[in-house]
Amino acid sequence: MVYIVSKIAESTSANSKGTEQVSGQYQFVEKGVLNLYALASATGLNVTLKVNGIALIDDQPMCMFGTSGTLKKSDNIVISQIVAGGRVEMHFRNTTGGALTCDYILEYVPTK
């Protein structure tokens, strides 16, 4: 298992699309499982996750949110998906009038 990217309090400005979150060594993956765990600060934060240009999540609202507490893998899983491999892309979009934050972990588990 490899953490592709993880951040605490990733901020997305009001009514805007955030920057690409995945870059560097683990931007390209082979066949395996992608798991996204996230905890948004409030409703109104959408996420897009693509592999090789194919959307696993396409601008969908984050369904788990809270203004306090910690990110827990068992409680805050957004998606767990087997992928054939390719370039991983992920970004957040804020649909509200105020800045929102999100704690998240995107992990990759290779399979044979």
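The values are calculated or read from the model by the stated rules, or taken from the named source; none is laboratory data. What you are looking at is a predicted structure, and each value in this text was computed from that prediction instead of being measured. Every residue, glycine as well, gets a Cβ built from its backbone with ideal geometry; the counts of neighbours run over all protein chains shown.
Side notes on the structure shown:
- Among residues of region 1-16, those that are part of a loop (DSSP other than H, G, I, E, B) and touching a Gly at 6+ places or on another chain (Cβ under 8 Å), counted: 2
- Criterion: among the hydrophobic types (A, V, I, L, M, F, W, C), exposed (fewer than 15 other Cβ atoms within 10 Å of the Cβ), in contact (Cβ under 8 Å) with a residue 24 or more places away in the chain and in contact with a strand residue (DSSP E or B) (Cβ under 7 Å, 6 or more places away or on another chain) - qualifying residue of I8, I4: I8
- Residues of region 63-75 include none that is at pLDDT 90 or above, over 17 Å from K7 (Cβ atoms) and not hydroxyl-bearing (S, T, Y).
- No other residue among E30, E20 is over 15 Å from the mean Cα position of the chain (by Cα) and charged (D, E, K, R) apart from E30.
- Screening the candidates K50, K72 for the property of being farther than 17 Å from F92 by Cβ and among the basic types (K, R) yields one hit, K72.
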